[in-house]
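The values are calculated or read from the model by the stated rules, or taken from the named source; none is laboratory data. These numbers come from a predicted model, not from an experiment. Cβ placement follows ideal geometry from the backbone for every residue including glycine, while neighbour counts extend to all protein chains displayed. To get the accessible areas, we keep the full protein, side chains included, count just its heavy atoms, and leave off ligands, DNA and RNA. Shrake-Rupley method; radii C 1.70, N 1.55, O 1.52, S 1.80 Å.
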Amino acid sequence: MKYVKIKGTGSYLPGEPISNDNLCTLFGIDEWILENLGINNRYWSVDIKTTELTKKGYEMAAEASKKAISSAGLESKEIDTLILVTAVPDYLMPNSAVMVQEKLGISECNVLELHAACAGSMQALEMAYNAVCCGKSQNALICCFNLMSPTSIRELSAERRNNISTLDLLNVCMFGDGASAIVVSASDEPGILYVANNSVGLGRKPGMMLLAGAAVYPYSNDVIDKGLDKWQHDANAILKYGRGLSQRALKEMLTTTGKKYSDISYYIFPQANPAMLKEDIKSLSKLEDFPATRIYMNVDRIGNTSTPALFIALDELNSQGKLHSGELISIVGGEASKWMYGSVLIKW
């Protein structure tokens, strides 16, 4: 069997950081929401002054992909599988994956698109891992993007402000745009030691929903009047079930691989918001032998980027020279849309 290794990483954040002061000054958002959330900056592809969309999702994904391919020491033509993951596609059709292929100048390759949010990158990684293991792919590109600012800026418009709730404002302040990418290749030495995904949502209502815009609720005045075009965020359910997903994924990974907490140099957990991540750290710190200082956090600096978040964090560690050959890195993903989780153990 071939070994599979992450050969390159890349990420992209649009525009300049949008600070809490920007949101307070331009849109009159209460400071207490921002203070309790703990996010200091986020990046939007929409210009907050002109409301113009400056980068589409596939354009951000292409920028991150170019960096990942360069980081891997490859050319675009050497990519034979392209998997794109997003929860908010640019269009219903065509899909964004073929648009990334076009931007990268890849004449032919296997192109797949996965509709998923926070756990989607782990699902795509398992797909790429399997493709390389069975010999169907030599160099697989996974790219992810999140593009929520068009929804956010609409919520802040004058005609909608009277109907905006605290949860609406929470979503506006919490989510940011961005993209990430990794290249997964066949290797002569071990790289990805473990990757697995699972769904435990039977009998549980989704914690995050956006119902409008597809077949069941196509856009209409009635759909908008009912608020179905808004992100519906069940904060209590996420607090109840969300942290359990991460810890379950981590426990299963360690049990299967026989590794100890202290064997791992860096942990990348879901970057939902600083408050939740700090609760994760507090809970895990109670476990014997768990090195809580090794959990990497960037959500306070860039916001919750959802789908690309985990690989943005990996790329930051890589580009900063913090990852060294032979070190173990664990990445854990959890998704509240219907309670999915995944994890990977990487030997760098």
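Counting only DSSP beta bridges with both residues in the chain, tell me the antiparallel percent, nearest 5.
65
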*With the contact rule set at Cα under 8 Å and sequence spacing of 6 or more, what percent relative contact order holds for the stretch 205-286?*
23
*Report the FRET efficiency, 1/(1 + (r/R0)^6), for Arg154 and Ala292, where r is their Cβ-Cβ distance and R0 is 56 Å, rounded to 0.05.*
0.90
*asked:* For a test of the definition: using alpha carbon positions, the gyration tensor, and the 1.5 limit on a/c, classify the stretch 59-190 as rounded, prolate or oblate.
replied: prolate
_For the chain, take every pair of Cα atoms, bin their distances at 20 Å starting from 0, and report each bin as a whole percent._
32, 59, 9
*Would you mind getting me the FRET efficiency between Cys24 and Asp225? Use the beta-carbon distance for r and R0 = 25 Å, nearest 0.05.*
0.25
_Three-way shape call for the stretch 75-144 based on the alpha-carbon gyration tensor, with the a/c threshold at 1.5_ = oblate
*Length-normalised contact order of the stretch 153-273 in % [C-alpha pairs under 8 Å, at least 6 apart]*: 21
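With a ≥ b ≥ c the root eigenvalues of the C-alpha gyration tensor of the stretch 1-70, is it rounded (a/c under 1.5), prolate (a/b larger than b/c) or oblate? Walk me through the numbers before you get to the answer.
Details: a/c = 4.36, a/b = 1.97, b/c = 2.22.
Since a/c reaches 1.5 but b/c is at least a/b, the shape of the stretch 1-70 is classed as oblate.
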*What part of the accessible area of the stretch 1-128, given as a whole %, is carbon or sulfur when the probe is 1.4 angstrom?*
48
*Kindly sort Ser265, Ser246 by accessible area of their heavy atoms, largest first, with the probe set to 1.4 Å.*
Ser265, Ser246
*Hey, got the dipole for the chain? About the Cα centre, +1 on K and R Cβ, -1 on D and E Cβ, debye to the nearest 20?*
820
_So, R0 is 22 Å and r is the distance between the beta-carbons of Asn36 and Lys240; what FRET efficiency does that work out to, to 0.05?_
0.75
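Which links in Lys2/Lys77; Lys55/Lys278; Lys7/Lys259; Lys103/Lys136; Lys226/Lys338 stretch past 26 Å when you go from one Cα to the other?
Working: Lys2/Lys77 22 Å; Lys55/Lys278 32 Å; Lys7/Lys259 23 Å; Lys103/Lys136 23 Å; Lys226/Lys338 22 Å.
Long pairs (Cα-Cα over 26 Å): Lys55/Lys278.
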*Which one of Pro150, Pro274, Pro308 has the biggest mean-square fluctuation once the chain is modelled by GNM with Cα springs under 10 Å?*
Pro150
*Against the longest principal axis of the chain, how steep is helix 309-319, in degrees 0 to 90 to the nearest 10, with axes from Cα atoms?*
50
_Taking 8 Å as the Cα distance limit and 6 or more residues as the minimum spacing, I'd like the relative contact order of the chain as a percentage._
25
*Dipole in debye (nearest 20) - the stretch 1-50, about Cα centre, beta carbon charges: Lys, Arg +1; Asp, Glu -1*: 700
*Per DSSP, loop trypsin sites (Lys or Arg not before Pro) in the stretch 202-287 with at most 12 further Cβ within 10 Å*: Lys260, Lys286
*Under the rule of -39500 (n - 2.57) per DSSP H run of 4 or more residues, summed and divided by the residues of the chain, what mean residue ellipticity at 222 nm is obtained, to the nearest 500 deg cm²/dmol?*
-10500 deg cm²/dmol
*the stretch 21-78: GluC sites (Glu not before Pro) falling in loop per DSSP and having at most 16 other Cβ within 10 Å*: Glu52, Glu75
*Quick one: what are the phi-derived ³J(HN,Hα) couplings along the stretch 5-14, Karplus 6.51/-1.76/1.60 with θ = phi - 60°, whole Hz, x for glycine and proline?*
9, 7, 9, x, 9, x, 8, 8, 10, x
